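Below you'll find the structure, written out as structure tokens, and then a few comments.
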Amino acid sequence: MLLDMSGAGQFSAPIQFNVAHSYGKISHGEFIQFMYFNITSDQETLFNNGMDKLFASRDRFPGLGNITLGRAKSDHIQYVLISSWERSTDFYQLKETPAFEPMRKYMDRAATTRGYHETGYKVLAPHEYLD
């Protein structure tokens, strides 16, 4: 198990997050995009303001099922932005539009200071699991 939004899963080395914003739901068959931002305390207010704007414009993102922002329960300032998409290409198409431009600056800032990482997965229905 990679992600447990219910809080009931058992992990050997869990990373826990407090949810700051959340909209929608993740469905079977959707594609999940994780964006991890490690930022400095000087950047946190600006980052949160940008995330507020991102969530306010979520209706402009075709194919979006869920978008959730969480802050790690740790001494380091780490955020994860989880989004789900109907098609694997939806997120990458969004990245090429002006609507994504404000997000790009936070990716670049995190990458040049404490770190940025991005990865994607597909949500499987129970009948799709391989034993």
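Every read-out reported here was derived from the displayed coordinates using simple, explicitly stated rules and does not represent laboratory data. Note that this is a predicted model, so its numbers are computed, not measured.
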Once GLU101 and THR89 are pulled to full extension, the length gained, defined as 0.36 nm per residue separation minus their Cα-Cα distance, is 2.6 nm
Does segment 36-125 classify as rounded, prolate or oblate by the C-alpha gyration tensor (a ≥ b ≥ c root eigenvalues; a/c under 1.5 gives rounded; else a/b over b/c gives prolate, otherwise oblate)? prolate
